[in-house]
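As structure tokens, the structure follows; a few thoughts come after it.
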Amino acid sequence: MSRRVIGYLTWYPVLVAAALVMALPLLWMITTAFKSNGQVINMAAPFLPVHWEFGNIARAWEAAPFARFYLNSIIFTVAASLGQVITSAMSGYAFARVDFPGKTLLFYLILMGLMIPFTAVMVPVVKLVNSFGWINTYQGLIVPNIQSAFGMFLFRQYFLGLPTEVEDAGRVDGASQVRIFTSIALPLALPMVSAFGLLSFLTNWNNFLYPLLVTSSTSMMVVPLGLSIFQSQFVTQYNLLMAGALIAVIPVMIVSIFAQRSIVSGITVGSIR
Amino acid sequence: MRRPSLPRGYGQRRRRQLFGYIMVLPTFGLTFLFTIFPLMETLFRSFYTGNLFSSSHVFAGLANYAALVQSGGIASLGTTAVYTLGFVTLATVLGLLSALLLNLPLPGGQAVRTLFIIPLVVPVVATAIVWVTLFNPYFGAVDALLRFFGLPSVNWLTDPRFALPTVIMFSTWQYLGQNVILFLAGLKAISREVLEQASVDGAFGAARFFRVTLPLIMPTVAVIVVIATINALQTFTQIYVITRGGPVGSTTTAAFYVYQQAFQFYNTGTADAMASIIFAITLVITVLETRMLRRVGAEGHA
């Protein structure tokens, strides 16, 4: 029993210290967002706001079209993530279940895409999107992102691990290929749909570099890009900057607290190579 | 009653193959158009002159690669190497230590785990902006702490010696949760019996960790090192928001250099040369690490 108590006394302070280090930047963001700018730049001022300036959030929200940024983020993220889940499930299923000439070659060509970092292709991709006349459009944001070599790979692994009996039974009953995929195989793959869907949603929601390259008009900007423009406009308005950061962080933070279990499983699934 | 039809015969097989092609087409077509074809273009155009607005085809030999030397391209590779080494080491070691801590049956552990997950899922741009004010040498919380302990203030973001470490600290804080989650999963997989047996054999604390836990968790370490290295090579957003590559180029990573050359100076030739080098490095690292992973994995399961 005493060893247990000693263990508690040793490790509990370490846990608290770790929690404080992880929480400090978030607490700093929240408290600074509600301070007056005068208090922010006063070295001797306390950590908590002397007077809570709740109006800062509204001022930041009006200083930049955050509502529009949110709308754009939702359109882009939902379309791109949905697209990634659909195309990945389709190709993953075909590579796991259907035989066709050239299958191995196509599989390895797509896997090659996994090894190509976006940095290595960003210049030609921007030129290509520009040549389609897609700069500052939703299709320019969405279309190049509705495929995922990684997603294909995850779904293929998942379908390979599923027994084929139910699908065979469907075939014996005369169901078409398409029907077997949509009403038998896909429902069986729901755990992967939700794990990969969440991973894909978070990746797209937080994507900054790609929107930076293909959108320049304020009305087409997603939240991360809009926030970076907001940053360059209010460089020394520290309380407004933190209010803007808070506007971008709060919804995802709340979701992440409730969807913690799914996020954990999504990240664990995402580490399979 | 309709007789069950089995997929036999020429027509059936053709239809089945066609189904396969249609299912694969969206992924393959888009991957080809937006990844494989652009890669070939990058590699090809790295040997030609050009800028963002023209697509002239004048062979330039290795001129674009030579231009990397004076324009800071080679230096950016060095910066990327330092960043990668610093980030991967910190994120792996601190990730494992945090996971060991969270694996203890301490009350409140779940809440602390949430604190590791939040940075991971919120936009990097937002937390990077927070970092800029947090590390402000005049009113930032970090320097306030330094002063509290009687230490001198540090110009974190304007001193070329400290800017890169500050960005490394940011990335470690932002992405630590991913490693913690993976290590926790790895630790849960180590069966209680193995650990109890080790205790019976007289291995406790540090000895048990180094003789039993660490060897068993090595496959997870390998996975984490691979993922962290490949992510580190792509680092862009935090550099863009926190330092814009400065001061005096001290945080210009290879990825940021490509962006600068192409979209700020319009030297797409130089950008293509650097992009080709990034691809080559990623390829070599992926191949090497896949081999290492396989070896560690085989040992782990043995």
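Quick note: the coordinates plus some simple rules give every number you see, no bench work behind them. Because the structure is a prediction, the values reported are computed rather than measured. Note: ideal-geometry Cβ built from the backbone for every residue, glycine included; neighbour counts use all protein chains shown.
With a/c under 1.5 counting as rounded, go ahead and sort the range A:2-57 into rounded, prolate or oblate using the C-alpha gyration tensor (a ≥ b ≥ c being the square roots of the eigenvalues; past the cut-off, prolate if a/b is larger than b/c, else oblate). Each step should come with its number before you reach the end.
Working: a/c = 4.21, a/b = 3.28, b/c = 1.29.
The shape class here is prolate.
When both the range B:92-106 and the range A:161-206 are represented by their alpha-carbon centers, they are found 36 Å apart.
Can you bin chain B into rounded, prolate or oblate? Criterion: square roots of the alpha carbon gyration tensor eigenvalues sorted a ≥ b ≥ c, rounded for a/c under 1.5, prolate for a/b above b/c, oblate for the rest. Please report the intermediate quantities before stating the final value.
On the way: a/c = 2.07, a/b = 1.05, b/c = 1.97.
Judged from the Cα gyration tensor, chain B comes out oblate (a/c at least 1.5, b/c at or above a/b).
Quick check for you: which residues of the range A:115-139 have the amide N under 16 Å from the point 7 Å beyond the Cα of B:ALA280 toward its beta carbon? Within reach of a label on B:ALA280, which here means backbone N under 16 Å from a point 7 Å along Cα→Cβ, the range A:115-139 contributes A:117, A:120-121.
Taking Lys and Arg as +1 and Asp and Glu as -1, the other residues whose beta-carbon sits under 14 Å from that of B:THR133 total 0.
Summed over qualifying helices (DSSP H, 4 residues or more, each -39500 (n - 2.57)) and divided by its residue number, chain A shows a 222 nm mean residue ellipticity of -23000 deg cm²/dmol.
Computed over the Cα atoms, what is the radius of gyration of the protein assembly as shown divided by 2.2 N^0.38 Å, N being its residue count? In units of the globular-protein estimate, the protein assembly as shown measures up at 1.04. Sorted ascending by nearby beta carbons within 10 Å, beginning with the fewest, B:MET40, A:MET220 become B:MET40, A:MET220. Which of these, B:LEU115, B:LEU151, B:LEU216, has the largest mean-square fluctuation under a Gaussian network model of chain B (Cα springs below 10 Å)? Of B:LEU115, B:LEU151, B:LEU216, the Gaussian network model singles out B:LEU151 as fluctuating most. Among the chymotrypsin sites (Phe, Trp or Tyr not before Pro) in the range A:149-193, none is located in a DSSP loop while being surrounded by at most 13 other Cβ atoms within 10 Å of its own Cβ. Reported value for the range B:68-211: 174 Å³ per residue, from the convex hull of its C-alpha atoms. Counted by neighbouring Cβ atoms within 10 Å, the residues B:VAL226, B:VAL284 run from fewest to most as B:VAL284, B:VAL226.
In what sequence do B:ILE129, B:ILE118, B:ILE36 fall when counting other Cβ within 10 Å, fewest first? It would help to have the intermediate numbers written out before the result.
Numbers: B:ILE129 25, B:ILE118 21, B:ILE36 18.
Going from sparsest to densest Cβ surroundings: B:ILE36, B:ILE118, B:ILE129.
Mean-square fluctuations from a GNM of chain B, with a 10 angstrom spring cutoff on Cα atoms, peak among B:MET169, B:MET218, B:MET23 at B:MET23. Give me the distance between the Cα centres of the range B:174-251 and the range A:22-43, rounded to whole Å. Each part's Cα centre sits 31 Å from the other's.
Does chain A come out rounded, prolate or oblate, given a ≥ b ≥ c as the square roots of the eigenvalues of its C-alpha gyration tensor, rounded meaning a/c under 1.5 and, failing that, prolate meaning a/b above b/c?
Working: a/c = 2.67, a/b = 1.50, b/c = 1.79.
Note, shape of chain A comes out oblate.
In whole angstrom, note down how far apart the Cα centers of the range A:235-273 and the range A:52-104 are. Centre-to-centre distance over Cα atoms comes out at 15 Å.
Which value in deg cm²/dmol, rounded to the nearest 500, describes the helix-derived mean residue ellipticity at 222 nm for chain B, given -39,500 (n - 2.57) per DSSP H run of n ≥ 4 and division by the residue count?
Working: 14 runs with 214 residues, N = 302.
The helix-only estimate for chain B comes to -23500 deg cm²/dmol at 222 nm.
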